Amino acid sequence: MYEFMTWNEHFITVNDRDGYSNRRKIWNENVLKKALNNQKSSEDIYVTKYPTGKLVKYIILDFDSKEDKSISLKESERLMNYMENHGHPCVLVDSTNKGYHLYIKISPFLFEDEGNRTMPNWELFFDEFVRYMLRKSSKLPYTSLDATNTSAGLRGNIRLINSIHPSTGKRVSIIHGEFSDDLLPPTELQDDAQQVAFEFCNICEEQTQRKMAKTKVVNGIDPIEENDLRELIPDIFGGDVKHYGHYSMMCCPFHNEKHPSLMLTKRTFKCRSCGEQGNIWTLKKKGLVEFGVNGEVTY
């Protein structure tokens, strides 16, 4: 059931809704069994969607609808049917709460520098790779596709299959398909997605270089670095923010959590839970922001 996971490539996060503790561990058979067998009624269990620096074998999408769960089912099945008709087997999972998780099998691909290709921003490449598949599958938008989860790109988490959802008390389970260790040969759809993503990233990099060449540092002050992350990051991701003097706290947008663990200062951010950290240039590298001539930020 867990062929998409390899113990030394993924992390398990156990999040207690009644407290602030997060336990993040490298997955192995014992850790997985212990987490599931000892799960409390107040705990969420998540797994990293993609192995860091390893081959990606499944694209994982989260469909949630607060108004009507049937919308999530209809849209996830629409995408699933298209993918399977184009050679990509799928696994559909009922989260038991607001929606469904769709695992789309792809020919294993390494979303980082493979030695024979150079790509300034593999996060941006991955995002465009997925967006292309979505655009090809339907002219209609996927209204229930979780925006926060999707924007997390290669750093997203997903609720662990066979764990119990604290809100419903039901076990997260597969309702269609099964995981397989068989390698999927490249499909025409995947080849096209890779080509479009490469071209898209190259265009973005050229535009960025032209903009950066025009940005001026005056009296030792870089106008880009003068942007305040305490205001910028909440504007990008949304959510509540609490201010404490020179720093602010909010829920980390790079992993699923209910309690704020992301610390923001004017120029840096760091999550006390998942360890995500960086500055405004990190956001640029992730493809979340672009800079104008005078250092202004667009996203």
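The values are calculated or read from the model by the stated rules, or taken from the named source; none is laboratory data. What you see is a predicted model, and the numbers here were worked out from it, not measured in a lab. All Cβ positions, glycine included, derive from the backbone under ideal geometry; neighbour counts span all protein chains shown.
Quick look at the numbers
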| item | result |
| --- | --- |
| Only listed residue being more than 27 Å from CYS90 (Cβ to Cβ) and surrounded by 12 or more Cβ atoms within 10 Å (Cβ to Cβ), chosen from GLU43, GLU9 | GLU43 |
| Counted residues, the stretch 140-165 - those being in a loop (DSSP other than H, G, I, E, B) and under 9 Å from the mean Cα position of the chain (by Cα) | 2 |
| Top-ranked residue of the stretch 221-233 - restricted to ones that are within 26 Å of the chain's Cα centre (by Cα) and touching a residue at least 24 places away in the same chain (Cβ under 8 Å), ranked as surrounded by the most Cβ atoms within 10 Å (Cβ to Cβ) | ILE233 |
| Criterion violated by SER173 - all others in (1) buried (at least 18 other Cβ atoms within 10 Å of the Cβ); (2) modelled with pLDDT of 90 or more satisfied | (1) |
| Scan of the stretch 168-208 for residues that are in a helix (DSSP H, G or I) and acidic (Asp, Glu), ordered by number | GLU188, ASP191, ASP192, GLU199, GLU205, GLU206 |
| Residue list for the stretch 185-212, restricted to those being in contact (Cβ under 8 Å) with a residue 12 or more places away in the chain, surrounded by fewer than 17 Cβ atoms within 10 Å (Cβ to Cβ) and farther than 15 Å from LEU124 by Cβ | PRO185, PRO186, THR187, GLU188, ASP192, LYS211, MET212 |
| Lone unmet requirement of (1) on the phi < 0 side of the Ramachandran plot; (2) modelled with pLDDT of 90 or more; (3) not in a strand (DSSP E or B) for ILE45 | (3) |
